[in-house]
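First comes the structure, then the notes that go with it.
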Amino acid sequence: MLQAKGITKKYGGQIVLQNASLEINNEIKALIGINGSGKSTFLKIIAGIVSADQGDVLLNNCNIIKLPPESRNVGYVPQHPALFQHLTVKENILYGMRNGKGTIETYNQIVEMLDLKEVLTKSPRTLSGGFQSRASLARALVPQPKILLMDEPLSSMDVVLKERILPDFRRVLKKLEIPVLYVTHDPWEAELLADNFAIMDNGQISQVDTSTEAFELIRTSMARGRSF
């Protein structure tokens, strides 16, 4: 279980996060909000990439807020795959197992589940966007993290490809029984993947019941003069 409590972050005089709190159990939770609402910053604070001004991050009741990223046991999938172009797909995925994390059994399981066997010897630059996203997800999963953070990893894909790949991602994540926080600005995308939903608005987080409710709140934010 992950608990982020009272997370506050300022850049200069701008408040990006203001006492933002969220709890994730064994589920896929979508955090939905328009661009600039603080979603990615919140995710990066949990991952340890960005430091918070205030607040705590508890993973299985252990406060990890002061730990470096490599000591948090948190998986992170960035907006762009960020695969190493000089390595093969297999080498990219195995890179996630550095420092003794994960097992070959887990590697084989995830490669099989994400249908990556046929591209393991290829360079990432030769792959489609869908396979690059699968490889990026595999690299984050092989160390067997306690929670997975996904920061709009399919934002560059068209709707048809998203509709094909998101159910596969959901199937894999549910089978592995790993808690997931999935950041997106698209309620439709959230509906395809997530079990439940939260909204980020003005640096604060609220739980919502449906993606429809999320869409209405996003429309309200846009009506206040903000845009994607």
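The values are calculated or read from the model by the stated rules, or taken from the named source; none is laboratory data. Quantities reported herein were computed from a predicted structural model and do not represent experimental measurements. When we count neighbours, we look across all protein chains shown, and the Cβ atoms used for this are built from the backbone with ideal geometry, even at glycine.
Within the range 115-132, the set of residues being under 21 Å from K162 (Cα atoms) and not in a helix (DSSP H, G or I) comprises D115, L116, L127, S128.
The numbered conditions (1) under 15 Å from the mean Cα position of the chain (by Cα); (2) acidic (D, E); (3) surrounded by fewer than 15 Cβ atoms within 10 Å (Cβ to Cβ) are all true for E152 except (3).
Per-residue answers, yes or no, for (1) assigned to a loop (DSSP other than H, G, I, E, B); (2) over 13 Å from the mean Cα position of the chain (by Cα):
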residue: S156; (1), (2): yes, yes
residue: K162; (1), (2): no, yes
residue: I165; (1), (2): no, yes
residue: D168; (1), (2): no, yes
residue: R171; (1), (2): no, yes
residue: K174; (1), (2): no, yes
residue: I178; (1), (2): yes, no
residue: V183; (1), (2): no, no
residue: E191; (1), (2): no, yes
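What about A198, is it among the aliphatic types (A, V, I, L, M), under 19 Å from V74 (Cβ atoms), at pLDDT 90 or above and in a strand (DSSP E or B)? Spelling it out, A198 is indeed among the aliphatic types (A, V, I, L, M), under 19 Å from V74 (Cβ atoms), at pLDDT 90 or above and in a strand (DSSP E or B). Could you tell me whether any residue of the range 20-29 is in contact with a Gly (Cβ under 9 Å, 6 or more places away or on another chain), farther than 24 Å from S155 by Cβ and among the aliphatic types (A, V, I, L, M)? Scanning the range 20-29 turns up no residue that is in contact with a Gly (Cβ under 9 Å, 6 or more places away or on another chain), farther than 24 Å from S155 by Cβ and among the aliphatic types (A, V, I, L, M).
Only a single item in (1) in contact with a Lys or Arg (Cβ under 8 Å, 6 or more places away or on another chain); (2) part of a loop (DSSP other than H, G, I, E, B); (3) not hydroxyl-bearing (S, T, Y) is not met by V16, and it is number (2).
Taking the criterion of being of a type outside the set (S, T, Y), touching a strand residue (DSSP E or B) at 6+ places or on another chain (Cβ under 6 Å) and closer than 17 Å to F197 by Cβ, the residues of the range 149-183 that qualify are L149, M150, D151, E152, L173, P179, V180, L181, V183. Could you give every pair whose Cβ atoms fall below 7 Å, whose first residue belongs to the range 159-174 and is surrounded by fewer than 13 Cβ atoms within 10 Å (Cβ to Cβ), and whose second residue is of a type in the set (A, V, I, L, M, F, W, C), counting only separations of at least 6 or pairs across chains? Final answer for the pair search is P167/L192.
The residues listed here are S21, S40; of these, the one that is buried (at least 19 other Cβ atoms within 10 Å of the Cβ) and either touching a residue at least 60 places away in the same chain (Cβ under 8 Å) or of a type outside the set (S, T, N, Q) (or both) is S40. Looking only at strands (runs of 3 or more DSSP E) that fall completely inside the range 27-114, which ones have 1 or more residues that are over 23 Å from H185 (Cβ atoms) and more than 13 Å from the chain's Cα centre (by Cα)? The qualifying strands (runs of 3 or more DSSP E) are 54-59. The sole residue among E152, E163, E177 that is out of contact with any helix residue (DSSP H, G or I) (no Cβ under 8 Å at 6 or more places or on another chain) and acidic (D, E) is E177. Candidates are the residues of the range 43-86 that are out of contact with any strand residue (DSSP E or B) (no Cβ under 9 Å at 6 or more places or on another chain) and closer than 17 Å to V183 by Cβ; the one that is surrounded by the most Cβ atoms within 10 Å (Cβ to Cβ) is P81.
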